[in-house]
Amino acid sequence: MASVVAVCISEKKGMMKHPVDYIDIIESHGIQGDAHAGNWHRQISLLASESVDKMKKVFPDIPVGAFAENILTEGIQVATLPVGTRLTIGDTLLEITQIGKECHKDCAIRQQVGDCVMPREGVFAIVLKGGRIQSGDEILVVGQE
């Protein structure tokens, strides 16, 4: 079963995110209180814990949120899902809009950790249906647009 390991936010772009107990997701906007929320195609970021584990071999003390992921997943390789894939997490509905991204060479994450997996293995999504997401919520692939 695929599930949420952790949920994180940051109040400023380009910074590591910090774990929170839950995130409130707003339809067509993103995460309440997160710097990346807004009317665009990268409202929420997801990263597989399996991707983070690769980095932990070199940097074992990497904290949750270090790669600016909003949702850290387990049991699903999000980077292999095609654009247009729809996911339900808790009572929300997300649609993957982008796989990977161009990395800012001077971002705080790369400066502190030395590398960043988000540009290679992170995915971004828009919110089709809002709700609340927290650690332990099941992730289901429900189709493609």
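We did not get these values from a lab; they are worked out from the coordinates using the rules stated. Please read these numbers as outputs of a predicted model, since none were measured by experiment. Glycine gets a Cβ as well: all are built from the backbone with ideal geometry, and neighbour counts include every protein chain shown.
In terms of the mean number of neighbouring beta-carbon atoms within 10 Å, the peptides 64-70, 21-27 order highest first as 64-70, 21-27.
Order 86-92, 46-52 from most to least packed using the mean count of other Cβ atoms within 10 Å.
Descending packing order for the listed peptides: 46-52, 86-92.
Net length available on complete extension from Val141 to Asn39 is 34.4 nm, with 0.36 nm assigned per residue and the Cα-Cα distance removed. Take 6-16, 71-81 and order them by the average number of nearby Cβ atoms within 10 Å per residue, most first; the result is 71-81, 6-16.
Start at zero, step by 5 Å, and the Cα-Cα distances of the range 44-89 spread as 5, 20, 30, 24, 12, 6, 3 percent across the bins. Per-residue ellipticity at 222 nm from helix content only, as computed over the chain with -39500 (n - 2.57) for each DSSP H run of at least four residues, stands at -3000 deg cm²/dmol.
When the Kirkwood radius is taken over all Cα pairs of the range 11-58, what Stokes-Einstein diffusion coefficient follows at 4 °C and 1.567 mPa s, in µm²/s? The partial results should precede the final answer.
Details: Rh = 12.3 Å.
Approximately 105 µm²/s, per Stokes-Einstein.
Here is the size of the chain from its Cα atoms: Rg then Dmax, 13.6, 38 Å.
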